[in-house]
Structure formats: C-alpha cells, structure tokens
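*Asks:* Handing you this structure, nothing more for now.
The values are calculated or read from the model by the stated rules, or taken from the named source; none is laboratory data. Given the structure is predicted, the values throughout are model-derived calculations rather than measurements. As a convention, Cβ positions derive from the backbone with ideal geometry for all residues, glycine included, and neighbour counts pool all protein chains shown.
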C-alpha cells in the first residue's frame, strides 16, 4: 500500500561548519564555468571561511532515488531539513531509517513524521529551495 509522509529532520543537518582558508581563483570549472575556490595550506596568511559539509538534502535525494521514493526535501529557516516522501510502507520505513542515520557529517537528533495525502502522478524526488 502506498503511503506519503511529511518529515522534519532535526540536528546538525544543514551544515557542520568547517573552517578553511581559500582564495578566489580566475580558473573556472569545465562543467559549470563558475569560479573555482583554491584551497590553501594553513600556513599561508589569507582570510578563512566556513563551508558546509553535511549535504543532507542531497543524501536524502540519493537514498530516495535508490529506493524509488518520490517527493521533495528542502532546508528550512530553523536549520532543519523538511520534506515529503511517498512509497510503499516497507520502502518508506527503510528510507526514513537511512535519513535518520544521515550523511557522514550530519548529526541527526530526531525525525518528526506526519502522514499526508498521496500525490498522484509524481515521478521523482526533488531538492527544492
């Protein structure tokens, strides 16, 4: 039986900050033609910045694609990740267990779930803003 669940992932899921030193480079990435950041050794005297490492939304999408789950997920303003997932109950249980474990650099503290109405004709799992 198909089921749809709204979920909110709490914890360090939008970004564990990692201080790094960098400088802007005029090089561009051949794939997207955007400026590339060149990482520098800690000995070089340049300003440092912080970058996100968790990639929770993309981890969630990857797991959804592996299981054939449809729906969406996004970051929220209160530093959680929310979304809706639709699949059979068995698949949703496995998917949400993986989301509860989270990606390598995330620290998931809890997932809140709520049943929702099934969405007909949905065929993908998207990361939205």
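*Asks:* What number goes with the only condition from (1) modelled with pLDDT of 75 or more; (2) touching a strand residue (DSSP E or B) at 6+ places or on another chain (Cβ under 9 Å); (3) in a loop (DSSP other than H, G, I, E, B) that residue 77 does not pass?
*Replies:* Result: residue 77 fails condition (2) only.
*Asks:* Does the stretch 35-56 contain any residue that is at pLDDT 70 or above and under 29 Å from residue 1 (Cβ atoms)? Steps first, please.
*Replies:* Of the stretch 35-56, the ones at pLDDT 70 or above are 55-56.
Of the ones still in play, those that are also under 29 Å from residue 1 (Cβ atoms) are 56.
Checked the stretch 35-56: at least one residue is at pLDDT 70 or above and under 29 Å from residue 1 (Cβ atoms).
*Asks:* Only one of these is part of a helix (DSSP H, G or I) and closer than 20 Å to residue 55 by Cβ: 97, 110. Name it.
*Replies:* Values: 110 fails: part of a helix (DSSP H, G or I).
Result of the check over 97, 110: 97.
*Asks:* Out of all the residues in the stretch 114-129, which are exposed (fewer than 15 other Cβ atoms within 10 Å of the Cβ), in a strand (DSSP E or B) and touching a helix residue (DSSP H, G or I) at 6+ places or on another chain (Cβ under 9 Å)?
*Replies:* If the condition is that a residue be exposed (fewer than 15 other Cβ atoms within 10 Å of the Cβ), in a strand (DSSP E or B) and touching a helix residue (DSSP H, G or I) at 6+ places or on another chain (Cβ under 9 Å), then 126 is the only one that fits.
*Asks:* Go through the stretch 77-101 and give me each residue that's in contact (Cβ under 8 Å) with a residue 24 or more places away in the chain and either loosely packed, with under 13 Cβ neighbours inside 10 Å or more than 13 Å from residue 8 (Cβ to Cβ) (or both).
*Replies:* Scanning the stretch 77-101 gives 79, 86, 87, 88, 89, 91, 92, 94, 95, 98.
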